[in-house]
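K.L.:
Starting off with a structure, shown below.
The values are calculated or read from the model by the stated rules, or taken from the named source; none is laboratory data. Since the model is a prediction, treat every value here as computed from it, not as a measurement. Backbone-built Cβ (ideal geometry, glycine too); neighbour counts: all protein chains shown.
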Amino acid sequence: MKKEKTLLQEFVKGIDEINPVMKQALGLCPTLAVTVSAINGIAMALATTFVLMFSSLMISIIRKLIPSQVRIASYIVIIATFVTIADLVMKAKFPAMSKALGPFVPLIVVNCLILGRAEAFASKNNPLKALFDALGNGAGFLIVLFIMGSIRELFGSRTILGFHILPHSFEPMLIMILPAGAFITLGLLMGFKNAYTERVKRKEREDIVKNYRAVSKLESTNQGL
Amino acid sequence: METITTNPSYKLELSSSPHIHSRWSTKHAMWFVVSALLPSVISAVIFFGIYQLIVIGVSVLFSIITEAAIKKIRKKEITVTDGSAVITGLLLGLVLPPNFSLSATALGAIFSIAVGKEIFGGLGYNIFNPALVGRAFLQAAYPVSMTTWKNPNYAVDTVTSATPLSAFKFDKIFTQTENLFLGNVSGSIGETSAIAILIGGIFLVAIGIVNYRIPLSIILGVVIFGGIFWIIDPYKYPSPLFQLLAGGFLFGTFFMATDWVTSPITSKGMWIYGFCISLIIIMIRLFGGLPEGVMYAILIMNSVVPLINRYTRSRIFGERR
Amino acid sequence: MKIVIRMILTLTIIGVVAGGFLANVAQWANPLIEANKKAETEKAIFLVQPDGKSYQQIKNTNFEIYKVFGENNELVGYSIAHEGNGFQGKIRLMVGVSSDLNKIKQLEILDQVETPGLGTLILEPPFRKQFSDLSTDPKVNLVKGVEPSKPNEIQSITGATISSKAVVEIINKGIEKARILKERGAL
């Protein structure tokens, strides 16, 4: 029997436990393509979160009305609507950012993260939960994109969010703002994250064994008495 | 029975094959490769100055330090004495352009060992030749300084410092064959001197550390594929001899493509591997945007080596296809 | 049968609602997007024609060319927007030429996807400045490694020969097209 999660847990799990990029490995295309600078990463993540939030909410509200045979088609139409809105708003109000992100805003339509959450979560849970799940996943996405963007911007152009961090004597490593740098950064990030998770898990296991041993020892001495 | 269990010298030893060991270990082979690279180091110093020795030294030093550090962090046995890190450092140092920055060299060496080798589990598990991974990284990270060449010390032509391949590709200027042979041309410090590479390479083939099939098939492939285009249009395409002597071809053929870990183990596989490398080299050199393609050709073929091994493995007698 | 009707109904309703909603958003956004685009083009036109005060697009051509007028409504030259293949993708640029098409005033790169730090040097002043007051008769020529000696020569960027060449070729083609128009009397 699965334990019912609280709203806060639904939110937090998106950041760590089922982080869209690190754990589910979803939405890799924008993760790799737009993270040449931290600000691009943030903008992309915010646009994605906007779409994710509203489409999850919408799908969750009408989940009982949609016949299961046409559910994917319905989801795509709903997602595409919000993506088009995001794209139009960005083009109208933030033309420079829209140009920097290029085709990746319209491509949110096929971002598997959004369809994945719609199919796996929003279509099975109530709107409030779906909203928090979407927010959590969006936050997880934002954090990873920001970290990726910062690392790549730092080594590729010496800045983070436009502020100069590294001295001028540091020659920028062009590879970091090329696609190859995105793959290397993401691979290393995932590797370190997994290594860390493994370590925590191993420690927990060792603690359990230690506790068990201590308890059983205590019991045996008690019996001896 | 009791004596066997109590006296360690009578302990029964259980081990899987191989049971017969060669008197040459990996360690010996690695140090032979290092000595085979010495002529190229000497030619680098002769043609590009004593500073190149420092670059090579930094590259070797940081390779060793990185390897030792990673082994230490991962709590594994420290195996730097097997010489593989030294070879990676030497190879990387020799394929860099003259007067390369020391900090970038160190970065390349760290990347070679850390990402090119240790991330896969260390020597024997790496997919790509670590030195070439490092060079590809530097090429992408610092494209300008990686293609800033310098004329050799005894240069005849002082106007341009373009490498023979880019001089041919972009300006249709031929370089004299004897200069190519000696190494008196601009290019990566260890790659220019054909004679120094041949001394080391033939030594390795002669003592059996390098299997003759790989260099032979690459050379034959370049002569055949390059020759076909040369016959079609000798003014547009360079002669096979030029293809053999120019750029990083010989160095790559003898020292990079023949890496034990990243080349096929079957004879048939070696021929396939060699011919494919030569085909990619010719394609990049004649039709690609870059003047030189040896590095990418070897890296591309490294990635399909497991596949080649799988499809060319010898079958058990009587086994059906 | 019932389920089929329900499927059709659901999709139709979703489609209609989404379409209606989008139409409203587009109605609000489109004028703004148009204005942004226009402002961008205008900025580029006057950037390459420093004396320009007003402009007029020449119609019925297969490329973008603008007549630029000065303070007293006299013709000061043309701004030509043209695109072509760079190293990795399209390069789109705007070039301002004198009214006889024989001199380049300024060059502005509008869109490019060249290699960062190498091909993108075409955006930097050292390269672009070379095009100021450059003669286009005979057509612009690219030289490598040596200082330009003729009025129609510019120096290529080291390590980015292909990008430099592409820019020169795009300019030459654009001006050539403008010349043909001029011969026909369409300018």
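K.L.:
Looking at (1) among the aromatic types (Phe, Trp, Tyr); (2) within 14 Å of chain B (Cβ to nearest Cβ); (3) in a helix (DSSP H, G or I), which one does A:PHE132 not meet, given that it meets all the others?
P.N.:
(2)
K.L.:
Now, a different point. When you look at C:LEU134, is it crowded, with 19+ Cβ neighbours inside 10 Å and over 30 Å from A:ALA100 (Cα atoms), yes or no?
P.N.:
yes
K.L.:
Right, another one. Evaluate the stretch C:147-162: report whether one residue or more is closer than 18 Å to C:GLU83 by Cα and either surrounded by fewer than 21 Cβ atoms within 10 Å (Cβ to Cβ) or not hydrophobic (A, V, I, L, M, F, W, C) (or both).
P.N.:
Yes, the stretch C:147-162 contains a residue that is closer than 18 Å to C:GLU83 by Cα and either surrounded by fewer than 21 Cβ atoms within 10 Å (Cβ to Cβ) or not hydrophobic (A, V, I, L, M, F, W, C) (or both).
K.L.:
Assess whether C:ILE45 counts as being within 12 Å of another protein chain (Cβ to nearest Cβ), in a helix (DSSP H, G or I) and β-branched (Val, Ile, Thr).
P.N.:
The answer is no for C:ILE45.
K.L.:
Which ones in the stretch A:171-186 are at the interface with chain B (Cβ under 9 Å from one of its Cβ atoms) and of a type outside the set (A, V, I, L, M)?
P.N.:
Scanning the stretch A:171-186 gives A:GLU171, A:PRO172, A:GLY181.
K.L.:
Name the one entry in B:MET283, B:MET301, B:MET270, B:MET295 that is surrounded by fewer than 17 Cβ atoms within 10 Å (Cβ to Cβ) and at pLDDT 90 or above.
P.N.:
Every option except B:MET283 fails the conditions.
Yes/no per residue for (1) over 22 Å from C:ALA186 (Cβ atoms); (2) in contact (Cβ under 8 Å) with a residue 60 or more places away in the chain:
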residue	(1), (2)
C:ASN30	yes, no
C:ILE33	yes, no
C:ILE58	no, yes
C:GLU114	yes, no
C:PHE127	yes, no
C:ASP133	yes, no
C:THR136	no, no
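K.L.:
State which residue is nearest to the chain's Cα centre (by Cα) when the search covers only the stretch A:95-129 and only residues that are away from every other protein chain (no Cβ under 14 Å) and of a type in the set (S, T, N, Q).
P.N.:
Among them, the one singled out is A:ASN111.
K.L.:
State all residues of the stretch C:147-187 that are more than 21 Å from C:GLU124 (Cβ to Cβ), in contact (Cβ under 8 Å) with a residue 40 or more places away in the chain and assigned to a loop (DSSP other than H, G, I, E, B); if no residue qualifies, say none.
P.N.:
Correct list: C:ALA186, C:LEU187.
K.L.:
Any idea which of (1) away from chain B (no Cβ under 14 Å); (2) among the aromatic types (Phe, Trp, Tyr); (3) closer than 30 Å to C:GLY117 by Cα is the one A:PHE192 doesn't satisfy?
P.N.:
(1)
K.L.:
Right, next: Looking at (1) more than 18 Å from the chain's Cα centre (by Cα); (2) under 18 Å from B:GLY293 (Cα atoms), which one does B:ILE228 not meet, given that it meets all the others?
P.N.:
(2)
K.L.:
May I pose another question? Could you pull out the residue among A:ILE85, A:ILE59 that is closer than 26 Å to A:LEU7 by Cα and not acidic (Asp, Glu)?
P.N.:
Sole residue among the options that is closer than 26 Å to A:LEU7 by Cα and not acidic (Asp, Glu): A:ILE59.
K.L.:
Can you pull out every residue in the stretch B:117-140 that is within 22 Å of A:GLY191 (Cα to Cα), hydrophobic (A, V, I, L, M, F, W, C) and modelled with pLDDT under 90?
P.N.:
B:ILE119, B:PHE120, B:LEU123 - these are the residues of the stretch B:117-140 that are within 22 Å of A:GLY191 (Cα to Cα), hydrophobic (A, V, I, L, M, F, W, C) and modelled with pLDDT under 90.
K.L.:
Can we say B:PRO238 is touching a helix residue (DSSP H, G or I) at 6+ places or on another chain (Cβ under 6 Å), farther than 23 Å from B:LEU123 by Cβ and either of a type outside the set (Asp, Glu) or touching a residue at least 12 places away in the same chain (Cβ under 8 Å) (or both)?
P.N.:
Yes.
K.L.:
Taking the stretch B:76-116 only, how many residues are in contact (Cβ under 8 Å) with a residue 40 or more places away in the chain, assigned to a loop (DSSP other than H, G, I, E, B) and closer than 29 Å to A:MET190 by Cβ?
P.N.:
2
K.L.:
Can you find even one residue in the stretch A:16-30 that is within 13 Å of chain C (Cβ to nearest Cβ) and among the polar types (S, T, N, Q)?
P.N.:
Taking every residue of the stretch A:16-30 in turn, none turns out to be within 13 Å of chain C (Cβ to nearest Cβ) and among the polar types (S, T, N, Q).
K.L.:
Only one of B:ILE195, B:ILE265, B:ILE189, B:ILE209 is of a type in the set (Val, Ile, Thr), modelled with pLDDT of 85 or more, closer than 18 Å to B:PHE47 by Cα and not in a helix (DSSP H, G or I). Can you tell me which?
P.N.:
B:ILE189
K.L.:
Please determine, by comparing only the residues of the stretch C:77-110 that are touching a residue at least 40 places away in the same chain (Cβ under 8 Å), among the charged types (D, E, K, R) and more than 12 Å from C:ALA44 (Cα to Cα), which one is surrounded by the fewest Cβ atoms within 10 Å (Cβ to Cβ).
P.N.:
Once the filter is applied, the top-ranked residue is C:GLU83.
K.L.:
Now for a separate question. Among the candidates B:THR105, B:THR148, which residue alone is farther than 16 Å from B:SER303 by Cα, away from chain A (no Cβ under 12 Å) and crowded, with 19+ Cβ neighbours inside 10 Å?
P.N.:
Selected residue: B:THR105, the only one of B:THR105, B:THR148 that is farther than 16 Å from B:SER303 by Cα, away from chain A (no Cβ under 12 Å) and crowded, with 19+ Cβ neighbours inside 10 Å.
K.L.:
Looking only at residues that are among the polar types (S, T, N, Q) and more than 23 Å from the chain's Cα centre (by Cα) in the stretch A:47-94, which one is farthest from the other protein chains (Cβ to nearest Cβ)?
P.N.:
Looking at residues that are among the polar types (S, T, N, Q) and more than 23 Å from the chain's Cα centre (by Cα), I get A:SER68.
K.L.:
Quick one: is B:ILE189 of a type in the set (A, V, I, L, M, F, W, C), within 21 Å of B:ILE282 (Cα to Cα), surrounded by 19 or more Cβ atoms within 10 Å (Cβ to Cβ) and within 18 Å of the chain's Cα centre (by Cα)?
P.N.:
no
K.L.:
Restricting the search to the stretch C:91-122, which residues are within 24 Å of B:THR148 (Cβ to Cβ) and within 14 Å of another protein chain (Cβ to nearest Cβ)?
P.N.:
Once the filter is applied, which keeps residues that are within 24 Å of B:THR148 (Cβ to Cβ) and within 14 Å of another protein chain (Cβ to nearest Cβ), the stretch C:91-122 yields C:GLN112, C:GLU114, C:THR115, C:PRO116, C:GLY117, C:LEU118, C:GLY119, C:THR120, C:LEU121.
Residues are listed down the side, and each one gets a yes or a no for (1) at the interface with chain A (Cβ under 9 Å from one of its Cβ atoms); (2) surrounded by fewer than 13 Cβ atoms within 10 Å (Cβ to Cβ); (3) farther than 22 Å from A:ILE78 by Cβ; (4) in contact with a Cys (Cβ under 9 Å, 6 or more places away or on another chain):
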| position | (1), (2), (3), (4) |
| --- | --- |
| C:ILE5 | no, yes, no, no |
| C:ILE8 | yes, yes, no, no |
| C:VAL16 | no, yes, no, no |
| C:LEU22 | yes, no, no, no |
| C:ILE33 | yes, no, yes, no |
| C:THR41 | no, no, yes, no |
| C:GLN56 | no, yes, yes, no |
| C:ASN60 | no, yes, yes, no |
| C:GLU64 | no, no, yes, no |
